[in-house]
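Q: I am attaching a structure below and will ask some questions about it afterwards.
The values are calculated or read from the model by the stated rules, or taken from the named source; none is laboratory data. What you see is a predicted model, and the numbers here were worked out from it, not measured in a lab. Heads up, the Cβs are rebuilt from the backbone with ideal geometry, glycines too, and the neighbour counts pull from every protein chain shown. These accessible areas exclude ligands, DNA and RNA; they are computed on the full protein's heavy atoms, side chains included. Shrake-Rupley method; radii C 1.70, N 1.55, O 1.52, S 1.80 Å.
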Amino acid sequence: MYKKLFYSLVGCFITFGLFSCKDKPKSGRTDTRTSGEITIAVDESFSPIMEELIQVYEALNPKTKINALYTDEVNAVNLVLSDSLYLAVTSRRFTQEEFDNLKARDMLPEMVPLAYDGMALICNNQNTDSCITVDNVRRILSGEVKNWNEINKGSKKGEIWVCFDNKSSSAVHYCVDSILGGKPINSPNIFAAQTSKEVIDYVEKTPNAIGIIGSNWLNDRRDTTNTTWKKNITVMSVSKMDVATPKNSWKPYQVWLLNNRYPFVRTIYALLNDPRRGLPWAFAHFMEQPKGQLIIIKSGLLPTHGEIMIHDVNIKDGN
């Protein structure tokens, strides 16, 4: 009897050990879709919306903790490609080579479109030259134009100084690829700060400056209609025409992103490399689902999913 009991106990311990070894992941990760702590890489220009999304997800899933590492786009993608992290939020997709490399290593790479963001141009409140053409933006970035009077005759603002958020940011990448057609930015009057906030601070203090940042940094959070910009700077209106006027130039409001009137629009992606489909996977797909998309639309960005209704409003003069 004791011999049988001994073998039964040994069998139980062996069985338990086998299941324990099987359940414990080789990576040492213990996160699930509703529990655990992770770090994700986020392009710094998207930090306002990411803070809101993380806060809501953690409230819905109290056993989770999501730490955001705010960095430049290049570093964010590299952290995912090297398996250091499992989720990055950026404004670009995996290249085909990157995607194939991850699959070859038995990963599960995914590219989840989350939102559309306007690449915004901002200027100082003293600057009355707040309408600009796409072509003049290109000429400034290429170094062909360096003074305000070259694009607005009679302007006394002097040299044009352009400030980006970071030399390796998604804003720089967008301007090189989508505005300059792959040619490098080439002007001694163009420089990079460290963060989007520094760009806003610089433009606020510099009458002849232009800042280039993501539009999600610009909304006045006190306005739930997303039609009010920050008061300390001016958001420039951009025209696709040869001459920019207030009637043919547009700001990066959600409606002008939707109907393609605003010319500088980029897609925000969640780049996943999560073979376990744990917390990084769950959070990425939460952002594309109705609750996440509602947060995105309230932030002033344009969500990738869901129906957007546009209504014309006639405002009558009260006099």
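Q: Looking at this structure, is residue 51 under 30 Å from residue 162 (Cβ atoms) and over 18 Å from the mean Cα position of the chain (by Cα)?
A: Numbers: under 30 Å from residue 162 (Cβ atoms): yes; over 18 Å from the mean Cα position of the chain (by Cα): no.
For residue 51, the condition - under 30 Å from residue 162 (Cβ atoms) and over 18 Å from the mean Cα position of the chain (by Cα) - is not met.
Q: Mind checking which residues of segment 152-190 are under 20 Å from residue 205 (Cβ atoms) and basic (Lys, Arg)?
A: 156, 157
For (1) under 20 Å from residue 115 (Cβ atoms); (2) touching a Leu at 6+ places or on another chain (Cβ under 6 Å), each residue gets a yes or a no:
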site: 177; (1), (2): yes, no
site: 187; (1), (2): no, no
site: 196; (1), (2): yes, no
site: 199; (1), (2): no, no
site: 215; (1), (2): yes, no
site: 236; (1), (2): no, yes
site: 243; (1), (2): no, no
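Q: Ok, one more. If we keep just the residues of segment 170-189 that are surrounded by 21 or more Cβ atoms within 10 Å (Cβ to Cβ) and in contact with a Gly (Cβ under 9 Å, 6 or more places away or on another chain), which is farthest from residue 78 (Cα to Cα)?
A: 171
Q: Let me ask another. Mind listing whichever residues of segment 285-300 are in a helix (DSSP H, G or I) and either surrounded by fewer than 24 Cβ atoms within 10 Å (Cβ to Cβ) or not aliphatic (A, V, I, L, M) (or both)? Before you say what the answer is, go through the steps one by one.
A: Here is the first cut: in segment 285-300, the residues in a helix (DSSP H, G or I) are 285-288, 290-298.
Correct list: 285, 286, 288, 290, 291, 292, 293, 294, 295, 297, 298.
Q: Also, quick follow-up: Which of the residues spanning segment 140-164 are in contact with a Phe, Trp or Tyr (Cβ under 9 Å, 6 or more places away or on another chain), crowded, with 16+ Cβ neighbours inside 10 Å and of a type outside the set (S, T, N, Q)? Working first, answer last.
A: So the first thing to find is which residues in segment 140-164 are in contact with a Phe, Trp or Tyr (Cβ under 9 Å, 6 or more places away or on another chain), and the list is 155-164.
Adding the requirement that they be crowded, with 16+ Cβ neighbours inside 10 Å leaves 155, 157, 160-164.
Selection gives 157, 160, 161, 162, 163, 164.
Q: Let me ask something else about it. Considering only segment 59-115, state which residues are of a type in the set (Asp, Glu) and within 18 Å of residue 278 (Cα to Cα).
A: First, the residues of segment 59-115 that are of a type in the set (Asp, Glu): 72-73, 83, 97-98, 100, 106, 110.
Result: 83, 106, 110.
Q: For segment 232-284, enumerate the residues that are surrounded by 18 or more Cβ atoms within 10 Å (Cβ to Cβ), farther than 30 Å from residue 201 by Cβ and out of contact with any Ser or Thr (no Cβ under 9 Å at 6 or more places or on another chain).
A: Scanning segment 232-284 gives 272, 273, 274, 280, 281, 284.
Q: Can residue 126 be described as free of Cβ contacts under 8 Å to residues at least 24 places away in the same chain and either open to solvent by 10 Å² or more (accessible area, probe 1.4 Å) or in contact with a strand residue (DSSP E or B) (Cβ under 7 Å, 6 or more places away or on another chain) (or both)? Give the steps one after another, and end with the answer.
A: Numbers: free of Cβ contacts under 8 Å to residues at least 24 places away in the same chain: no; either open to solvent by 10 Å² or more (accessible area, probe 1.4 Å) or in contact with a strand residue (DSSP E or B) (Cβ under 7 Å, 6 or more places away or on another chain) (or both): yes.
Taking the combined requirement at face value, the residue does not satisfy it.
Q: Return the total of residues in segment 39-64 being open to solvent by less than 30 Å² (accessible area, probe 1.4 Å) and under 29 Å from residue 118 (Cα atoms).
A: Of all residues in segment 39-64, those open to solvent by less than 30 Å² (accessible area, probe 1.4 Å) come to 40-50, 53-54, 57, 61, 64.
Going one step further and asking which of them are under 29 Å from residue 118 (Cα atoms), we end up with 40-50, 53-54, 57.
Counting residues in segment 39-64 that are open to solvent by less than 30 Å² (accessible area, probe 1.4 Å) and under 29 Å from residue 118 (Cα atoms) gives 14.
Q: Same structure again: Take segment 129-185 and flag every residue that is more than 22 Å from the chain's Cα centre (by Cα), part of a loop (DSSP other than H, G, I, E, B) and hydroxyl-bearing (Ser, Thr, Tyr).
A: 130, 155
Q: Mind checking which residues of segment 68-119 are within 11 Å of residue 271 (Cα to Cα), open to solvent by less than 40 Å² (accessible area, probe 1.4 Å), in contact with a Lys or Arg (Cβ under 9 Å, 6 or more places away or on another chain) and of a type outside the set (Val, Ile, Thr)?
A: 91, 109
Q: Counting only residues that are under 16 Å from the mean Cα position of the chain (by Cα) and farther than 18 Å from residue 77 by Cα, how many does segment 254-284 have? Walk me through how you get there before you give the answer.
A: If we filter segment 254-284 for residues that are under 16 Å from the mean Cα position of the chain (by Cα), which is where we start, we get 254, 257, 264-272, 283-284.
Cutting the leftovers down to farther than 18 Å from residue 77 by Cα gives us 254, 257, 264-265.
Within segment 254-284, residues that are under 16 Å from the mean Cα position of the chain (by Cα) and farther than 18 Å from residue 77 by Cα number 4.
Q: Please determine whether any residue of segment 207-217 is assigned to a helix (DSSP H, G or I), modelled with pLDDT under 95 and open to solvent by 20 Å² or more (accessible area, probe 1.4 Å).
A: Applying the first criterion (assigned to a helix (DSSP H, G or I)) to segment 207-217 yields 215-217.
With the extra rule that they be modelled with pLDDT under 95, the set shrinks to 215-217.
Still in the running and open to solvent by 20 Å² or more (accessible area, probe 1.4 Å): 217.
Within segment 207-217, one or more residues are assigned to a helix (DSSP H, G or I), modelled with pLDDT under 95 and open to solvent by 20 Å² or more (accessible area, probe 1.4 Å).
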